[in-house]
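Taking it in order: structure first as structure tokens, then the write-up.
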Amino acid sequence: MLPKLMQKDTVYICSPAKAIDENSISFAGSLLAQNGYKVELSKNVLGQHNYFSGTESERLSDLQYGLDHPSAKVILCARGGYGCIQLLEKLDWTKFKENPKWIVGFSDITVLHLALSKMGIPSLHGTMPLNFEKNSAESFSTLFSALKKESYSIHAPYSEYNKPGKVQAKIIGGNLAIVHAMLPNLDKSFFENNILFLEDVGEHLYQVDRMFFGLKFIGALDSISGLVIGGFTNILDTETPFGSNLQEIISKHLLHREIPIGFNFPSGHLNDNQAIVLGQTSLLEVSVGETKITHF
């Protein structure tokens, strides 16, 4: 369904959320050009309106132009922050569905990933221009492999909290806080028989616990066929300790499920932010010796 990125294809960069600096966009443009791709910048990619890259109407116009773009193969979101949810109900997906293209990003871009998964259209949870200068080589190799529709695997280190198993299913999800915020727009069937991928940054342990209760109450945790936990960076505890670590909190919510659960996947708010294809069937394998996701 999605196009295979080829040499000289166009990558359209826009900023649907928080403002970004010129150097990050310049570096990203140069890197993409060096890899043989044409780069087109949205009108307000370097805009500034308070916290955002532009007014709501400016950001909406830029993203809508990307959705309707007749030749671009990729919409690369410049950064996250906050703002995509403000645009969601106003987007017109008609032309995009006729000519779908990759939407790439993470964090706040999870809003778009969830909308696309509901439509049955894959998207890419991957690095963005804000982070390009610090990203690992694997961040880019997986990004380009996904966009070129090549087979590749992501490996995660061992965790004592892993639950062994193997499942082949679609991966959905992204940033936990965004998934939780979007739960009223989702339902149990959205999670049914899918692998749930989650990552986050800067949350307190009790907030993670609370958001997992939200997933439980909607029936998501009883419906998924696997769970992938990516980077949970800069997670905070309270002055009086919560009493459980992150892995213990998550594991407790899944004690009743005999599904594969893999921790420590290198994807999320990390310099090693490897790309995960969402909304497309992939293979999750969790064992004592090896934990990996294979995209094919």
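Taken together, the values in this text are just the output of simple stated rules run on the coordinates, not laboratory data. Note that the structure is predicted; figures quoted are calculated from it, not measured. Positions of Cβ are backbone-derived with ideal geometry, glycine not excepted, and every protein chain shown enters the neighbour counts.
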Once you've got the GNM for the chain with C-alpha springs shorter than 10 Å, pick whichever of Ile229, Ile250, Ile171 has the biggest mean-square fluctuation. Ile250
Amide H of Ala19: which non-local residues (sequence gap of 5 or more, or other chain) have their own amide H closer than 5 Å, using H built in the peptide plane? Phe52, Ser53
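Neighbour counts of other C-beta atoms within 10 Å: give me Arg59, Arg257 arranged from fewest to most.
Values: Arg59 24, Arg257 17.
By the 10 Å Cβ count, ascending, the order reads Arg257, Arg59.
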Cα gyration tensor of segment 153-295, axes a ≥ b ≥ c as square roots of the eigenvalues: rounded (a/c below 1.5), prolate (a/b > b/c) or oblate? rounded
Residue by residue, what Karplus-based ³J(HN,Hα) values in Hz, rounded to whole numbers, does segment 245-254 have, using 6.51, -1.76 and 1.60 with θ = phi - 60° and x for Gly and Pro? 7, 4, 5, 5, 4, 5, 4, 4, 6, 10
Debye sum, Cα scatterers, the chain, no solvent: what log₁₀ I/I(0) at q = 0.12 1/Å? -0.73
If you add up the charges near Ser267, with Lys and Arg at +1 and Asp and Glu at -1, over every other residue whose beta carbon is less than 14 angstrom from its beta carbon, what do you get? -3
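Helix-only estimate, please: 222 nm mean residue ellipticity of the chain, summing -39500 (n - 2.57) across DSSP H runs of length 4 or more and dividing by its residues, to the nearest 500.
Numbers: 11 runs with 92 residues, N = 296.
Mean residue ellipticity at 222 nm (helix-derived): -8500 deg cm²/dmol.
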Using θ = phi - 60° and the Karplus form 6.51 cos²θ - 1.76 cosθ + 1.60, what ³J(HN,Hα) does each residue of segment 91-96 get, whole Hz, x for Gly and Pro? 6, 10, 8, 4, 5, 4
Angle in degrees between helix 110-119 and the longest Cα principal axis of the chain, rounded to the nearest 10: 90 degrees
Could you derive backbone 3J(HN,Hα) for segment 148-158 from the dihedral phi with the Karplus parameters 6.51, -1.76 and 1.60 (θ = phi - 60°), listing whole Hz in sequence and x where the residue is Gly or Pro? 8, 6, 9, 6, 7, 10, 10, 10, 10, x, 4
Give me the percent of DSSP beta bridges within segment 1-159 that run antiparallel, rounded to the nearest 5. 15 percent
If you average the C-alpha positions of segment 253-296 and of segment 20-64 separately, how far apart do those two centres end up, in angstrom? 30 Å
Quick one: which residues, 5+ away or cross-chain, put their amide H under 5 Å from the amide H of Val39? H built at 1.01 Å from N. Val11
As a footprinting exposure proxy, order His155, His269, His256, His113 by other Cβ within 10 Å, with the fewest listed first. His256, His155, His269, His113
Rounded to whole Å, give me the distance from the Cα center of segment 219-245 to that of segment 109-143. 21 Å
Cα-based helix-to-principal-axis angle, 56-68 vs the chain, degrees rounded to 10: 90 degrees
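Pull out the extension gain between His155 and Leu255, defined as 0.36 nm times the separation in residues minus the alpha carbon to alpha carbon distance; nm, one decimal. Before the final figure, lay out each step's value.
Values: separation 100, 0.36 × 100 = 36.00 nm, distance 2.39 nm.
Here the answer is 33.6 nm.
Within segment 159-253, report the GluC sites (Glu not before Pro) that DSSP leaves as loop and that have at most 11 other Cβ atoms within 10 Å. Spell out each step's value before the answer.
Values: sites: Glu160, Glu192, Glu199, Glu203, Glu239, Glu248; in loops: Glu160, Glu192, Glu203, Glu239.
In loop regions of segment 159-253 (DSSP not H, G, I, E or B), the sparsely surrounded GluC sites (Glu not before Pro) are Glu160, Glu239.
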